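For reference, the structure is listed below as structure tokens.
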Amino acid sequence: MISVVLPCVNELRHGYLPQILENLSRQRGNPELIAVLSPSQDGTAQLIRQYPQVNLIEADCSNRAQRFNQGLQASHGEVVLLHHPATLLPSHGAIDLVDKATAAGALWGGFGHSFDHDHWLLRFTSWYSTAVRSRWSRILYFDHCLFARRDLLLRVGGVPDLDIFEDTALSQRLRSLAPPCILPATAVTSARRFRQRGIYQQALLNQGLKLLYHARLDPAWLNRLYEQRSQINVSYDDNG
């Protein structure tokens with residue numbers, strides 16, 4: 001069985017959750033569906049409860065990594081798919097692809113990447129993410145909807161408890177054990193940050209934050225910069 005873990009916090013404002021829940025409810029393969037919800041005030045819980053096949057876990061988690069780990073601990077599948085909260089899996093056959101890949105020996109991997117907004121820089125970013133970073137650096141971000149054998153995730157300690165770049169840190173742990181499998185299908189992720197801040201501004205910020213992360217600056221401070229005006233994954237008190 002494959003378990004899908006979906007981390008949520010105030011998701012209705014972004015508009016992706018209804019599509020994600022419909023997509024997951026129609027997937028073949030009867031996956032175990034787990035949504036982990038941090039305290040929210042926008043009706044996210046009520047929407048999820050309309051899907052009885054989804055196991056809703058409400059937990060006081062402070063970041064996405066903690067939500068993923070709550071779902072990982074509650075999961076029962078041999079394989080766990082860590083579902084990005086603003087990404088759509090390929091319709092119907094996504095779980096089948098994961099099942100076939102892991103049955104053939106893949107230990108972890110993810111889908112190809114694309115954005116829901118057409119711009120040359122976003123197309124380049126998706127190409128680079130799929131064709132270069134994931135294959136050569138063996139780093140997969142969560143918007144690839146990373147999957148892995150559950151025992152492997154537990155072996156590496158789950159998702160590192162970081163406010164940002166937790167997917168990079170997890171990939172670094174997993175790649176030391178096996179190369180990732182890139183599935184022959186594409187997940188579509190929201191370009192909401194690029195639309196909100198500006199495509200070139202967001203792209204420059206992303207690259208700058210990567211450099212600062214590898215220079216070992218505090219991830220919580222880096223994420224404050226990333227979340228300015230959005231507070232999508234972590235909410236901060238601007239006075240503290």
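Each value in this text was obtained by applying a stated rule to the coordinates, not by laboratory testing. The structure presented is a predicted model; accordingly, all values stated were derived computationally and were not measured. Here Cβ is always computed from backbone atoms with ideal geometry, including for glycine, and neighbour counts include all displayed protein chains.
How far, in nm, would the chain grow between Gln228 and Gln196 when pulled straight, counting 0.36 nm per residue and subtracting the alpha carbon separation? Can you show the working numbers first?
Working: separation 32, 0.36 × 32 = 11.52 nm, distance 1.05 nm.
Full extension from Gln228 to Gln196 adds 10.5 nm.
Quick check: pseudo-label points 7 Å beyond the Cα along Cα→Cβ at Glu78 and Ala103, how many nm apart are they?
1.0 nm
For Tyr51, Tyr213, Tyr226, what's the fewest-to-most ordering of other Cβ within 10 Å of each Cβ?
Ranked by crowding around the Cβ, least crowded first: Tyr51, Tyr213, Tyr226.
To check you understand DSSP bridge types, tell me what percent of the beta bridges within the chain (both residues inside) are antiparallel, rounded to 5. Don't skip to the answer; put the middle values down first.
Numbers: 7 of 28 bridges.
Taking every DSSP beta bridge with both residues in the chain, the antiparallel ones total about 25 percent.
Among Leu153, Pro52, Gly105, which residue has its Cα furthest toward the positive end of the charge dipole of the chain, with +1 on Lys/Arg Cβ and -1 on Asp/Glu Cβ?
Going by the Cα projections, it comes out as Gly105.
Peptides 24-31, 205-212: what's the order by average Cβ count within 10 Å, highest mean first?
24-31, 205-212
Once R0 is set to 25 Å, what does the formula 1/(1 + (r/R0)^6) return for the Cβ-Cβ distance between His214 and His119, expressed as a FRET efficiency to the nearest 0.05? Kindly include the intermediate steps, with their values, before the conclusion.
Values: r = 26 Å, r/R0 = 1.06.
Taking R0 as 25 Å, the efficiency between His214 and His119 is 0.40.
Report the per residue volume, in Å³, of the convex hull enclosing the C-alpha atoms of the chain. Write out the running numbers ahead of the final one.
Values: hull volume 28.4 nm³, N = 240.
About 118 Å³ per residue, rounded to a whole number.
Provide Trp127, Trp136, Trp108 in ascending order of the number of other Cβ atoms located within 10 Å of each residue's Cβ, fewest first. Write down the numbers at each step before the final one.
On the way: Trp127 13, Trp136 8, Trp108 27.
In increasing order of surrounding Cβ atoms, one gets Trp136, Trp127, Trp108.
Quick check: pseudo-label points 7 Å beyond the Cα along Cα→Cβ at Gln19 and Asp60, how many nm apart are they?
If labels sit at Gln19 and Asp60, their model points lie 3.5 nm apart.
For Phe68, Phe147, Phe115, what's the fewest-to-most ordering of other Cβ within 10 Å of each Cβ? Display every interim value, and only then the final one.
Details: Phe68 27, Phe147 32, Phe115 21.
Ascending Cβ contact count within 10 Å gives the list Phe115, Phe68, Phe147.
Taking the Cα centre of the chain as origin and charging only Cβ (+1 Lys, Arg; -1 Asp, Glu), how large is the dipole, in debye to the nearest 20? Please report the intermediate quantities before stating the final value.
Details: 24 positive and 21 negative charges, 146 e Å.
Its charge dipole is roughly 700 debye.
Could you give the nm distance between label points at Leu12 and Ser91, where each point is 7 Å from its Cα heading toward the beta carbon?
With each label placed 7 Å out from Cα toward Cβ, I get 2.6 nm.
For a label point 7 angstrom out from the Cα of Met1 toward its Cβ, which stretches of the stretch 64-80 have the backbone nitrogen within less than 17 Å?
Output list for this probe position: 71-80.
Which whole-percent values make up P(r) of the stretch 1-143 when all C-alpha to C-alpha distances are grouped in 5 Å steps starting at zero?
2, 10, 18, 22, 20, 16, 9, 3, 0
Nothing charged except the Cβ atoms of Lys and Arg (+1) and of Asp and Glu (-1): what's the magnitude of the dipole of the stretch 78-196 about its Cα centre? Round to the nearest 20 debye. Walk me through the intermediate numbers first.
Values: 13 positive and 11 negative charges, 67 e Å.
Around 320 debye, computed over the stretch 78-196.
If I build a Gaussian network model for the chain, linking alpha-carbon pairs within less than 10 angstrom, which residue out of Ala220, Ala187, Ala35 has the largest mean-square fluctuation?
Ala220
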